[in-house]
Amino acid sequence: MTAVPLWEVFVRPRRGLSHQHVGSLHAPDATMALRNARDLYTRREEGVSIWVVPAASITASSPEERDAFFDPAADKIYRHPTFYEVPEGAEHI
Amino acid sequence: MTGVDDVLALGDDALIAAQRLAEWTTNAPELEEDIALANIALDLLGQARLLLTYAGELEGEGRTEDDLAYLRGDREFRNVQLVELPRGDFADALVRMLFFALYQRELYDGLVIGDDARLAEIAAKAAKEVAYHVDHSTLWTLRLGDGTPESHRRAQEAVDRLWPYTHELFEGDVPREGWLAAVDAVLAEATLTRPSDEDSRFRPTGGRKGVHTEHLSYLLAEMQVLHRAHPGASW
Amino acid sequence: MYGNDIPEQPGTAGLLDEVAAAERDLAGRDHDASADPTAYFDAVIAADGKIEPRDEMPEAYRKGLIRQIAQHAHSEIIGMQPEGNWISRAPSLKRKAILLAKVQDEAGHGLYLYAAAETLGIDRAELYRLLLAGKQKYSSIFNYPTLTWADVGAVGWLVDGAAIVNQVPLCRCSYGPYARAMIRICKEESFHQRQGYEILYTLATGTPEQKAMAQDAVDRWWYPSLAMFGPPDTDSTHSAQSMAWKIKRFSNDDLRQKFVDMTVQQAGVLGLVLPDPGLSWNEERGHWDYTQPDYDELFTVIKGDGPCNRERMAHRQAAWDDGAWVREAAMAYAEKKKVTT
């Protein structure tokens, strides 16, 4: 028998927030995965909307790429507002 | 005016269905399904509690939900026989849920717009739960009916075994047409055959009058044993 | 959600604060990247950071975690049986609902944990196989029978209580997915211990028969609950390395002591007696002295000869086997629909 696929589950905790990853589960298809996610991850009113995504469909950056991906952002501090000096007396900036 | 027996019938249906469904805990085919069945049993148990409490108030003799659940004998229960039949296999459980949830949907749809405000309130809450039970049992009936040869065989056997007991559901005010159309649609998509009315001369009945199958007394013996062993105790 | 008309139970609030603190600390910690993966692992551990699924990690760390998380998951699943035993006979409809919801939570917790184990590259089906083949263990406490309704209370108060003391430090475990699963579990479990305590309080203040039932249950569950923390530190085979890798944060004996210290006071509020004549406050240590559980019995149960080992495994095996045709049907249906749509 083929393995039952793994699904990653994302829940929107309440309106106004984005979906957040909450965990995973196994289900034969998307329809069942969505129901299982409802029963497993929203028993205590934790959500108002659910996504399920086949785990196999996720492409992730790898730890080996960590330096190349994320380090170059470190020295570009001019992207943050705190980099700039604001002359005394200027308001609402 | 709503009669005590009418409300007891609704409450007993939900209670006995919940008791049977809860037997699946630790026995479901997968953990995800164990959780799903427990959710549905909890919904039914919640409905039973509201309905039995209301029945006790209508009766006016101070009986609580627990008095009614634990201190009546099987001849005093008013549930249909369908819900008391033994647990059976997974096909029995889900086909029974399909038949019963579709019936409850018709029932509660009627109560929501009925004269009894209290029942309307209970029905409005229960209707959302039942919609999920219909969804769950539909999905599984499709998968069992149209899955493997073995699952198809088991699902068809469950339909054939349970069908005679569905007639009792429609002895009261709930119309059968809408229910039958909904059942037909699911069974057809699931490649399952619905027994024809002409062929089904076996139509067990009596639950609403307290005449049950042999199974209910055993179910109650187990459910009530502890409560009855300590008369008057609080839990 | 369920009415608590009993005195506030000491101890639990502090533990829940620890869970909340662990959750806050998950955010806002990261570490300097280093070209050397082993150095990266060591640096993260040293700085109390989290290892995430695709990071390089020592094979022994990965294997040890799989063993521990799987054992934890199996315990949740097997643990459903002794409590599930009383769902059909719960003495009131309210208690029935609470117990059903609780046992359902255990299934959920098992699932969260299996999911955490799977991030380490092992499939859940394989973990089931290892459990049923007896290659992986579950907590030996669940090999004791629940003989009366009071046992449901005692399991909630003592067994879940001991489990919480064990689990709260795991919310700070160095492996991210395990720590996150534990935070979710600890938050949900806070109602489990309270419902057990409430059951015992109701019995202890009820009829004489009910109070006797409660005392009998505490008599039988006390020492097995102490044994849940594992063998004494001097005999524990996995502890040292687990502590170094910050999987485990406190020793078996430290946690056992913490549990005893919390529980003595709670027993007093219940008016029930813990079955240990040696219990006495030690002013010098600032802790309660207590009699150690029978570790020979613990090892007998771990090796498979507890009262219910065979039944628990047979039950799980039967449920799995009976469900095979259902799982196959669902997969066959999914395959069919994939082809035709």
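Rule-based calculations on the coordinates, nothing more; no lab input. As the structure is a prediction and not an experimental result, all values here were calculated from the model. Neighbour counts are summed over all protein chains in view; Cβ atoms, including those assigned to glycine, are modelled from backbone coordinates with ideal geometry.
Using a Gaussian network model of chain C in which every pair of alpha carbons under 10 angstrom is joined by a spring, one finds that among C:Ile164, C:Ile247, C:Ile122 the greatest mean-square fluctuation is at C:Ile122.
Sorting A:Ile50, C:Ile78 by the number of Cβ atoms found within 10 Å of their own Cβ, with the fewest placed first, yields A:Ile50, C:Ile78.
Dividing the alpha-carbon radius of gyration of chain B by the rule-of-thumb value 2.2 N^0.38 Å gives 0.99.
So what's the projected area for segment A:1-62, the Cα convex hull averaged over all directions, in nm²? If you can, show how the numbers build up before the last one.
Values: hull surface 19.9 nm².
Mean shadow area of the hull around the Cα atoms is 5.0 nm².
Let me check I have the definition right: for segment C:12-340, take the eigenvalues of the Cα gyration tensor, multiply each by 5, take square roots. What are those semi-axes in whole Å, largest first? Before the final figure, lay out the partial values.
Details: eigenvalues 218, 153, 67 Å².
Its equivalent ellipsoid spans semi-axes of 33, 28, 18 Å.
In this structure the amide hydrogen of A:Gly23, modeled in the peptide plane, comes within under 5 Å of the amide hydrogens of A:Val9, none closer than 5 places in sequence on its chain. Close amide H partners of C:Gln136, meaning residues 5 or more places away or on another chain with modelled amide H under 5 Å apart, are C:Leu131. The relative contact order of segment C:12-340, computed from alpha carbon pairs under 8 Å that lie at least 6 residues apart in sequence, is 19 percent. Largest GNM mean-square fluctuation among B:Thr53, B:Thr138, B:Thr191, using chain B with Cα springs under 10 Å: B:Thr191.
Using +1 on the beta carbon of Lys and Arg, -1 on that of Asp and Glu, and nothing else charged, what's the dipole of chain C about the Cα centre, debye to 20?
Using only the charged Cβ atoms, the result is roughly 1240 debye.
The distance from the alpha carbon centre of segment C:247-269 to that of segment C:72-118 is 24 Å, rounded to a whole number.
State, to one decimal in nm², a quarter of the convex hull surface area for the C-alpha atoms of segment B:1-122, i.e. the direction-averaged projected area.
Details: hull surface 30.5 nm².
Its average projected convex-hull area is 7.6 nm².
May I ask you to derive the FRET efficiency for A:Ala55 and B:Ala117 from their Cβ-Cβ distance with R0 = 56 Å, giving the value to the nearest 0.05? Working shown, then result.
Numbers: r = 49 Å, r/R0 = 0.88.
With R0 = 56 Å, the Cβ-Cβ based efficiency is 0.70.
Working note: Cα atoms of segment C:21-123, range along each principal axis, descending, whole Å: 62, 29, 17.
Where does chain C land at 222 nm, in deg cm²/dmol rounded to the nearest 500, when only DSSP H runs of n ≥ 4 count, each adding -39500 (n - 2.57), divided by all residues?
Values: 14 runs with 211 residues, N = 341.
Value at 222 nm, helices only, nearest 500: -20500 deg cm²/dmol.
Sorted ascending by nearby beta carbons within 10 Å, beginning with the fewest, B:Glu157, C:Glu106, B:Glu32 become B:Glu157, B:Glu32, C:Glu106. Given +1 at the Cβ of Lys and Arg, -1 at the Cβ of Asp and Glu and no other charges, the dipole of segment A:6-61 around its Cα centre is 240 debye to the nearest 20.
Over all directions, the average projected area of the alpha-carbon convex hull for segment B:13-58 comes to how many nm²? Intermediate values should be presented prior to the final figure.
Numbers: hull surface 11.5 nm².
Result: 2.9 nm².
In terms of other Cβ atoms within 10 Å, C:Phe191, C:Phe229 run from fewest to most in the order C:Phe191, C:Phe229.
Rounded to the nearest 20 debye, the dipole size of the protein assembly as shown about its Cα centre is 680 debye, using +1 on the Cβ of Lys and Arg and -1 on the Cβ of Asp and Glu. Mean partner shielding of peptide C:81-88, defined as the number of other chain Cβ atoms within 10 Å of each residue Cβ, is 4.
When the protein assembly as shown is described by a simple charge dipole with +1 on each Lys and Arg Cβ and -1 on each Asp and Glu Cβ, the residue from B:Ala17, C:His192, C:Ala101 located farthest towards its positive end is B:Ala17.
What are the equivalent ellipsoid semi-axes of the protein assembly as shown, built from the alpha-carbon gyration tensor (square roots of five times its eigenvalues), in whole angstrom, biggest first? If you can, show how the numbers build up before the last one.
Numbers: eigenvalues 394, 228, 123 Å².
Largest first, the protein assembly as shown gives 44, 34, 25 Å.
Which pairs break 32 Å Cα to Cα here: C:Lys102/C:Lys246; C:Lys96/C:Lys246; C:Lys102/C:Lys258?
Values: C:Lys102/C:Lys246 30 Å; C:Lys96/C:Lys246 39 Å; C:Lys102/C:Lys258 25 Å.
Cα-Cα > 32 Å for C:Lys96/C:Lys246; rest within.
Sequence-ordered 3J(HN,Hα) estimates for segment C:260-269 from the Karplus curve with 6.51, -1.76 and 1.60 and θ = phi - 60° stand at 4, 4, 6, 6, 4, 5, 5, 4, x, 4 Hz, glycine and proline given as x. Pick from C:Glu118, C:Glu209, C:Glu189: which residue has the top mean-square fluctuation in a GNM of chain C where Cα pairs under 10 Å get a spring? Maximum fluctuation in the GNM of chain C, among the listed residues, is at C:Glu209. Each helix, a run of at least 4 DSSP H residues, gives -39500 (n - 2.57); summed and divided by the residues of chain A, these come to -5000 deg cm²/dmol at 222 nm. The C-alpha atoms of chain B define a longest principal axis, and helix B:4-22 lies at about 60 degrees to it.
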